[in-house]
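Heads up, the thing below is written out as structure tokens.
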There are 4 protein chains.
Amino acid sequence: MESVIQDQIHTFRESRKNRGRLLINCPDQPGIVATVSKFLFDNGANIIESSQYSTNPEGGNFFMRIEFECPDILSKKEVLRTQFQTVAEKFSMDWKLTFVYDLKRTAIFVSKELHCLRELLWEWQNGDLLTEIALVVSNHEDSKAIVEALGIPFYYIPASKENRAQVEAKQLELLKEFDIDLIILARYMQILTPSFVEAHPFKIINIHHSFLPAFIGARPYDRAYQRGVKIIGATSHYVTNDLDEGPIIEQDVLRVDHREQIEDLKKSGRSIERSVLARAVKWHLEDRVIVHENKTIVF
Amino acid sequence: MESVIQDQIHTFRESRKNRGRLLINCPDQPGIVATVSKFLFDNGANIIESSQYSTNPEGGNFFMRIEFECPDILSKKEVLRTQFQTVAEKFSMDWKLTFVYDLKRTAIFVSKELHCLRELLWEWQNGDLLTEIALVVSNHEDSKAIVEALGIPFYYIPASKENRAQVEAKQLELLKEFDIDLIILARYMQILTPSFVEAHPFKIINIHHSFLPAFIGARPYDRAYQRGVKIIGATSHYVTNDLDEGPIIEQDVLRVDHREQIEDLKKSGRSIERSVLARAVKWHLEDRVIVHENKTIVF
Amino acid sequence: MESVIQDQIHTFRESRKNRGRLLINCPDQPGIVATVSKFLFDNGANIIESSQYSTNPEGGNFFMRIEFECPDILSKKEVLRTQFQTVAEKFSMDWKLTFVYDLKRTAIFVSKELHCLRELLWEWQNGDLLTEIALVVSNHEDSKAIVEALGIPFYYIPASKENRAQVEAKQLELLKEFDIDLIILARYMQILTPSFVEAHPFKIINIHHSFLPAFIGARPYDRAYQRGVKIIGATSHYVTNDLDEGPIIEQDVLRVDHREQIEDLKKSGRSIERSVLARAVKWHLEDRVIVHENKTIVF
Amino acid sequence: MESVIQDQIHTFRESRKNRGRLLINCPDQPGIVATVSKFLFDNGANIIESSQYSTNPEGGNFFMRIEFECPDILSKKEVLRTQFQTVAEKFSMDWKLTFVYDLKRTAIFVSKELHCLRELLWEWQNGDLLTEIALVVSNHEDSKAIVEALGIPFYYIPASKENRAQVEAKQLELLKEFDIDLIILARYMQILTPSFVEAHPFKIINIHHSFLPAFIGARPYDRAYQRGVKIIGATSHYVTNDLDEGPIIEQDVLRVDHREQIEDLKKSGRSIERSVLARAVKWHLEDRVIVHENKTIVF
């Protein structure tokens, strides 16, 4: 289980080795910001970036993301977590404390359409996706060469309706072996079983090639063409067991006109699919996304 | 039945009084452009703007719009139509010959939300909507003052589910009396009966406050909020008897984020609703829209 | 000096009468957020919305905007200001404490092009611009009727190169008489003298009809046409004594093509000019804009 | 001088081997369309796509692009050209007749920033850039591996201010040897000499990393940051001997905010640079661009 970390990522994580992120989701009430910021100050932390949002100041939900610098943070992980637990209990917080140095480990699932995979690999090579891409899984061999050229393990697992159970068993084994934090469906085109999805709550990001909730399901460009829309779109969302109904992380659109046939829509759409997925993955890796009531807050 | 034509429109139509437009829809075959352009040349016409589109050069449909100048065109209307009929028959054309001087007569239907009406009136006052606004019909009195201030007849016809038949009878009478070519539903919020719609094929333009086909039907902003979309939209389309399923003329979108509540979406959405409807109406008035298989070609 | 406040604005300010806003600009250092949030908590305030930004966590500048609810805030204005002064001094803050109930008083300067004025008045009637429009000043009479119809005082002051001193003297007198907080140049088309501008630092918002810094100065659409740009723009900025070089608050753009002549660009551009100016004014009125080194932070 | 043509391109050109394109630029007068379309009809050609534009119907310029199918066109090239010359002379036309089967031969010049090169290669591999990429020239070796992996000749020519004459002599030799039709400066970052540029009129396409005419010249992102713009852009244009002043083919923009430092602007900007350049190159290859008075008509 070799480690594939690009030079630029390595340099970046070293330069951020004292950087932590705190994500909070709790009932709103006075004093949260004062208490949390005092906690950080008392621990010698300096706030770099802070965002917050309340659904409704009276009786609503409160969400917060703080990125901070704290000397020797890597040696104080457990201390900080233990101490913050007290604060968290007082305000009934769902919370998460992460460390920029600890790269999330990613698995990319792909099929025959490679534009989204290519975009992810490219951004990653440029140091713009701070993750360890641990492996790529595909039901086709088209991407094998470009993946292995980067030193990333590639697993070819042919998939069909008949062998879905075996395929997923093999995939789950790999995800466990490689200790994966995030699964990216980069135009994987296979529907995952409910048990697979339930095992990875808000850990699977998909790109759907339409402006959801328009054209849920198969062949969205064909249907966009039939409907005669003047704008096409792409949507990146967390996968839940309601097909294409999971929390939306990012969307984008592109103007088209009557001259574009289905094949043209597919070509044009590739450019927004790849950028929308890349942005969604990036925000997830930077702990910018909080899910609440099947919607996302993106800080 | 007085006539309300703004100064700027009057000046414009005078400056275009030799201007005609030819719209063609026929099976594709070689020779169409050569024949049509020869017809125009032989009649002393100079082509100002020409657009064409073929769904498929072999056995598909051919669409064309030509705007041209022809000396004394207003005295030759019937001659041109008669002559062109021969050309049209040879190529099995659906066709239309219109004259810029003959302003289309418009009825605007509105309810309590006035932003779309205001935009249309404003564009019209600026000389950017070349039409005669013959009357405004509303089931509320909110717009009476601003309509009558412009010298446009205003008809208040209270509407409910119970009196729909009477309301439409009164409306149809007015449309006939005022010799209306185009009905604009500027957030009218009432569903028209099948017989009313069938009496005006591709003569009714609606603005729907979503990015169709997402959020067909009632309360689209509420549903957009519930779904957590990152982009909202507006769609202008011809009304058919399939609710919100008529041919789309124009759409536009706007980025939103998690902080925007339903009321914020409604406010933001108003700016795209009004511009999308205004563009769709303008294109219709300029004879730029051809309907084909529930889609539009916009030249 | 009568007061013109629309019903909707009145209702809104009543519903927000305990709402305050704190804007801070100071050298960055640990403890700012902790101290400010403790100050608010100790005064019984609940944070509704908070944004912050550091140019550089080590030795850079720190900017913050907090909107909060505080019981009986209107009776505690001076107490809060006095108390916060102590906090501010500790961190060498530039700061401002404002109260939503205290509407800013606005003067709109306009010339013959009325689309921006119309947009502002419309947004204001809808309750979307929370300000008291105290007067409109123009060097032409075109807008007199629509302004006075809303009960807003209109002052016609003919302007020419020769009488600039007298014109500005009269304008300054009016601004003083009406106790104006913000001057909006809604396509005013006259250049203000250095002394006039200096008397109103970051209190004058202009709309320039280009994508600055492209096409600084006169006739930007003509020059955009000559240059053959594929996208036109509009820019709203604070006025300084460097022509069109003041801090940019908002910009937007619109795609155009080779068919559009100068007049078409002007028409198309109106839609972005009006929305860009309206957004910039709205953000200023909501105390969302902080100027730093000739740039704006917009929270 | 081996030939590198991808499979997909080969398939496409075979399927279009009877396809021609006619580009016309002449003084406007009645009868042009009729004459040209009759010429095509008489030669058995079927018009697939046709676009035209007049700067001004009375005494202006007329531009036209027609794409057509004509049986056995490859054996009739010279006949068609000779025959059309007669038509062209009658109307004083500048004209060009091209054949889709005859791929244009391209040279890409690149420096150390590879994102634009990568995009071009990718589009080309997908069959979306119908050209023969004959060689890549660079003053750095960074791109050698990815270029040669595709079987494309790579020439490393170190460049400095001192050796410009020798560098260009070598480049010109290669352009001649490889019989190049189009030079793409994919972030080449070197200024070409006047004689080099003059030798290739409207045959050199550059990508400039700003929204021209804003930030002409060096370091546009630094200057965009200093100016505090809210939107950044990229511009693709033909190279002339006025730096960054050549005819603009395509532009696009991206919204940014105060949090983005110069490095962030550079990263964000890469996505629009690459797509803008790819679109401009594609349109040039499809003979969609006509230059007129330092502007482009893009059909």
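The values are calculated or read from the model by the stated rules, or taken from the named source; none is laboratory data. Just so it is clear, the structure is predicted and the values come from calculations on it, not from any experiment. FYI the Cβ positions are ideal-geometry reconstructions off the backbone, even for glycines, and counts take in every protein chain you see. Only protein heavy atoms, including side chains, enter the accessible area calculation; ligands, DNA and RNA are left aside. Shrake-Rupley method; radii C 1.70, N 1.55, O 1.52, S 1.80 Å.
Could you go through region B:216-226 in sequence order and give the Karplus-derived ³J(HN,Hα) for each residue, using 6.51 cos²θ - 1.76 cosθ + 1.60 with θ = phi - 60°, rounded to whole Hz, and x for Gly and Pro?
4, x, 6, 6, x, 5, 4, 6, 4, 4, 4
Exceeding 29 Å between C-alpha atoms, which entries from my cross-link table qualify? They are A:Lys230/D:Lys112; B:Lys282/C:Lys112; D:Lys76/D:Lys170; C:Lys282/D:Lys295; B:Lys96/B:Lys267; A:Lys295/C:Lys295. Don't jump to the answer; show the numbers that get you there.
Working: A:Lys230/D:Lys112 39 Å; B:Lys282/C:Lys112 25 Å; D:Lys76/D:Lys170 37 Å; C:Lys282/D:Lys295 37 Å; B:Lys96/B:Lys267 40 Å; A:Lys295/C:Lys295 34 Å.
Listed pairs above 29 Å: A:Lys230/D:Lys112; D:Lys76/D:Lys170; C:Lys282/D:Lys295; B:Lys96/B:Lys267; A:Lys295/C:Lys295.
Calculated from DSSP H runs of 4 or more alone, at -39500 (n - 2.57) each and per residue, what is the 222 nm mean residue ellipticity of chain C, nearest 500? Mind dumping the intermediate values first?
Numbers: 9 runs with 101 residues, N = 299.
It comes out at -10500 deg cm²/dmol, rounded to the nearest 500.
Determine the total buried accessible area between chain D and chain A, counting protein heavy atoms only with a 1.4 Å probe; round to the nearest 100 Å².
Using a 1.4 Å probe, the pair buries roughly 1200 Å².
For helix D:32-42, what angle does its Cα long axis make with the longest principal axis of chain D, in degrees from 0 to 90 and rounded to 10?
It works out to around 70 degrees.
Roughly how many nanometres apart are two label points built 7 Å out from the Cα toward the Cβ at B:Ile216 and A:Asn241?
Reported label-point gap for B:Ile216 and A:Asn241 is 2.9 nm.
Considering the rotational relationship between chains A and B, which residue of chain A contributes the beta-carbon of minimal distance to the axis, and what is that distance to the nearest Å?
A:Ala214, 2
Can you list, shortest first in nanometers, how far D:Lys90 lies from the same residue in the other copies, with each label 7 Å from Cα toward Cβ?
1.7, 9.0, 9.1
What accessible surface, in Å², does a 1.4 Å probe find on B:Ile262, ignoring ligands, DNA and RNA and rounding to the nearest 10?
40 Å²
Using only Cα atoms, locate the centre of region B:1-71 and the centre of region C:226-299, then give the distance between them in Å, rounded to an integer.
37 Å
Taking each label point as 7 Å beyond Cα in the direction of the beta carbon, state the distances from D:His140 to the same residue in the other copies, shortest first, in nm.
Label-point separations across copies, in nm and ascending: 3.4, 5.3, 6.1.
Once you put a point 7 Å from the Cα of D:Glu148 and another 7 Å from the Cα of A:Asp128, both along the Cβ direction, what distance in nm separates them?
Rounded to a tenth, the inter-label distance reads 2.8 nm.
Give the ranking of D:Met93, A:Met189 by solvent-accessible surface, highest area first, calculated with a 1.4 Å probe.
Details: D:Met93 20, A:Met189 110 Å².
I get A:Met189, D:Met93, largest accessible area first.
Less than 14 Å from a label point 7 Å out along the Cα-to-Cβ axis of C:Arg227: which backbone N atoms in region D:216-240 qualify, by residue?
Hits in region D:216-240 for C:Arg227 at 14 Å: D:216-217, D:224, D:232-237.
Just going by the charge dipole of chain B, with Lys and Arg at +1 and Asp and Glu at -1 on Cβ, which of B:Pro201, B:Pro158, B:Ala186 is farthest out on the positive end?
Toward the positive end, the furthest listed residue is B:Ala186.
Roughly to the nearest percent, how much of the accessible area of chain D is carbon and sulfur, given a 1.4 Å probe?
With neighbouring chains kept in place, the figure for chain D is 49 percent.
For region B:1-152, give the share of DSSP beta bridges that are antiparallel, in percent and rounded to the nearest 5; count only bridges with both residues there.
Details: 23 of 30 bridges.
Counting DSSP beta bridges with both partners in region B:1-152, the antiparallel share is about 75 percent.
Return the sequence-ordered ³J(HN,Hα) values of region A:161-171 in whole Hz as given by the Karplus equation 6.51 cos²θ - 1.76 cosθ + 1.60 applied to θ = phi - 60°, using x for Gly and Pro.
Calculated HN-Hα couplings, in order: 4, 6, 9, 4, 4, 5, 4, 5, 4, 5, 5 Hz.
Based on the Cβ-Cβ distance of B:Val87 and C:Glu260, what FRET efficiency does E = 1/(1 + (r/R0)^6) give at R0 = 22 Å, to the nearest 0.05?
The formula returns an efficiency of 0.10 here.
Relative to the longest principal Cα axis of chain A, at what angle does helix A:77-90 sit, 0 to 90 degrees, rounded to 10?
Here the helix axis deviates by roughly 80 degrees.
Show me, bin by bin at 10 Å from 0, the whole-percent P(r) of chain A based on Cα pairs.
So the P(r) values, bin by bin, are 6, 25, 31, 24, 12, 3, 0.
With the label 7 angstrom out along Cα to Cβ, how close does B:Ala169 come to the same site in each of the other copies, in nm, nearest first?
7.2, 7.4, 9.6
Report the percentage of all Cα-Cα pairs in the protein assembly as shown whose separation exceeds 42 Å, rounded to a whole percent.
Cα-Cα pairs of the protein assembly as shown separated by over 42 Å account for 49 percent.
Relative contact order of chain D: what whole-number percent is it, with Cα pairs under 8 angstrom and at least 6 residues apart?
RCO, chain D: 16 percent.
Could you pull out the GluC sites (Glu not before Pro) across region A:210-299 that fall in loop regions by DSSP (anything but H, G, I, E, B) with no more than 15 other Cβ atoms inside 10 Å? Spell out each step's value before the answer.
Numbers: sites: A:Glu245, A:Glu250, A:Glu260, A:Glu263, A:Glu273, A:Glu286, A:Glu293; in loops: A:Glu245, A:Glu260, A:Glu286, A:Glu293.
Counting only loop positions with at most 15 other Cβ atoms within 10 Å, the GluC sites (Glu not before Pro) in region A:210-299 are A:Glu245, A:Glu293.
Looking at region B:209-263, which trypsin sites (Lys or Arg not before Pro) are DSSP coil and have at most 12 other C-beta atoms within 10 Å of their C-beta?
Details: sites: B:Arg223, B:Arg227, B:Lys230, B:Arg255, B:Arg259; in loops: B:Lys230, B:Arg259.
Answer in residue order: B:Arg259.
Report the calculated FRET efficiency for A:Glu49 and A:Gln190 (r = Cβ-Cβ distance, R0 = 56 Å), to the nearest 0.05.
E between A:Glu49 and A:Gln190, to the nearest 0.05, is 0.90.
With all protein chains present, calculate the accessible area of A:Val253 using a 1.4 Å probe and round the result to the nearest 10 Å².
Taking all protein chains as shown, A:Val253 has close to 30 Å².
Quick one: 3J(HN,Hα) in Hz for region B:271-286, Karplus 6.51/-1.76/1.60 with θ = phi - 60°, rounded, Gly and Pro as x.
The phi angles translate into 5, 7, 4, 5, 6, 5, 5, 4, 5, 4, 5, 4, 5, 5, 5, 8 Hz.
Measure nothing fancy, just the Cα-based angle from helix B:115-125's long axis to the longest principal axis of chain B, in degrees from 0 to 90, nearest 10.
The angle comes out near 40 degrees.
Filter the trypsin sites (Lys or Arg not before Pro) in region C:105-164 to those in DSSP coil with at most 11 other Cβ atoms within 10 Å of their Cβ, and list the result.
Sites meeting the loop and neighbour criteria: C:Lys161.
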